[in-house]
Amino acid sequence: MKILRFAAVGVAAALALTACSSGDDNKPADSAKPSASASASESAAAPEAATIKLWLNGTDTPDALREYLKTTFEAQNPGSKLVIEQQDWNGLVPRLQTALSSEDQTPDLVEVGNTQSATFTYAGAFSDLTDIFPELGGDKLLPGFVEAGTADGKVMAVPYYSGARAVFYNKDMFTAAGVEVPTTLADFTKVAQKLNTDKVSGFWFPGQDWYNGATWIYTNGGNLAVQDGDQWKGALSSPESITGLKQVQELFKTATHAPADSDSNEPWVPFNQGKAAMFSAPTWARWSIDLPKCNEGVAADDKSAKAQAKRVKQQACNEEHTGVFPMPGLDSSKVATAFAGGSNLGIPAKSKHQELAKNLLRIIFSADFQNQLGKNGLIPGNTEYATSMGDDVYAKAAIAAALGAKLTPAAENWATVEGDRILEDFFQKLATGADVTKSAADADKLISDTLNK
């Protein structure tokens, strides 16, 4: 998920301003009925009716919002249909490389990770959106994400949502272990170790989880890669990165039972099963927490008032027994520098339905949809609507984490690093006990070679 050099500053500034001015299927979403504020621009030409395809990745966009997009798009574009296809984040880059190169296979609008945007933007895979950029939000859009989607002064991809990682924890397990919420990064390791038992991971930390592993690198002043003149070089073997990586390896050895050969996908599953006391994920993961003691046994397709009341009760119970906090920093006055995720949206250059795709973008950047993103725990692409996230503990944790967040290096070929799974392989080696310094040097060479191709 791509971010450029000063993206963290951009996100922080936007969130700071909105904070100062503000007062899965279980996610709460507004009604899926379209309203006048979500209507497409009257100035937009009426394109020929067609079926268009939208690729969304993972489950971050809840079903209610997907239904809203379908209903609103089809109401505003008579005779046209919207098909939404869900893609897995794993292996997304090669799938996009194949699909975007073919008029017959390409979708009409795609979600792409912010760390992947520059690669596709510079490759000419997306259409120019500069003409509708002001209409979609202009300067109010997350600036780092806009920069990631801009090439040669042209806006080719626009921000969908952002999110920074916070730590979820089982309050009952904390009480039983006699531990409190940690206030420093070192304290976090100690708490995770105390919570760790033969059957329960103190912290769910899969071996390939570089998204969370980057927190220790960034917080200690390291980086994944740095630019040296017109060349890029891996930075995992810098002294600062090594310090963080040794802390990561200590957690792998002493505080988790997560498999070394698995990634960060759905960390709430072992948490829900009582196999983990803590996990780290974007704060929208709150809607995926389903503790057995709280489950009301409501069928997913039961839309009755009684079922909805049970869901509300179930969610309240889950949140009563679950806490959340931003990962603490090196001292108690700061939060850790966590990895900030999120994604951009682009219209493939080879799409045959450019105007319909632009109409869909107009709906996505309407006040209705942007506010729904915020209410579902996602930092909206338009910072004007960040206040829709609310002011509960989850929103506060998200904003605190985002203010200290950092993204991946601003390298044109960074998507290839991700596509080749260099970081997954590297962190898996650490999880299996490999020498930190040698493994980091080996990974740096791979990263350097890949970025400078």
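Below, the figures for the structure above:
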read-out: Positions within segment 224-254 being touching a Ser or Thr at 6+ places or on another chain (Cβ under 7 Å) and in a loop (DSSP other than H, G, I, E, B), in sequence order; value: LEU224, ALA235, SER237
read-out: Some residue of segment 377-391 being closer than 21 Å to ALA316 by Cα and surrounded by fewer than 21 Cβ atoms within 10 Å (Cβ to Cβ); value: yes
read-out: Meets criteria (over 19 Å from GLY342 (Cα atoms), outside any helix (DSSP H, G or I) and not β-branched (Val, Ile, Thr)) for GLU180; value: yes
read-out: Some residue of segment 258-267 being part of a helix (DSSP H, G or I) and in contact with a helix residue (DSSP H, G or I) (Cβ under 9 Å, 6 or more places away or on another chain); value: no
read-out: Failed item in (1) surrounded by fewer than 21 Cβ atoms within 10 Å (Cβ to Cβ); (2) in contact with a Lys or Arg (Cβ under 8 Å, 6 or more places away or on another chain); (3) under 30 Å from ALA214 (Cα atoms); (4) modelled with pLDDT of 95 or more, with SER280 passing the rest; value: (1)
read-out: Yes/no for TYR169 being assigned to a helix (DSSP H, G or I), aromatic (Phe, Trp, Tyr) and either over 30 Å from LYS350 (Cα atoms) or modelled with pLDDT of 95 or more (or both); value: no
read-out: Helices (runs of 4 or more DSSP H) wholly inside segment 386-453 containing at least 3 residues that are modelled with pLDDT of 95 or more; value: 422-431, 436-451
read-out: Condition check for GLU135: among the acidic types (Asp, Glu), within 25 Å of GLU384 (Cα to Cα) and modelled with pLDDT under 90; value: no
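Results for (1) within 29 Å of LYS253 (Cα to Cα); (2) crowded, with 23+ Cβ neighbours inside 10 Å; (3) outside the structural domain of TRP89 (by TED's automatic domain parsing), shown as yes or no for each residue.
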site: GLN372; (1), (2), (3): no, yes, no
site: ALA395; (1), (2), (3): no, no, no
site: VAL417; (1), (2), (3): yes, yes, yes
site: GLY433; (1), (2), (3): yes, no, yes
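The values are calculated or read from the model by the stated rules, or taken from the named source; none is laboratory data. Nothing here was measured: the structure is a model prediction, and the numbers come from that model. Glycine also receives a Cβ, built like all others from the backbone with ideal geometry; neighbour counts cover every protein chain displayed.
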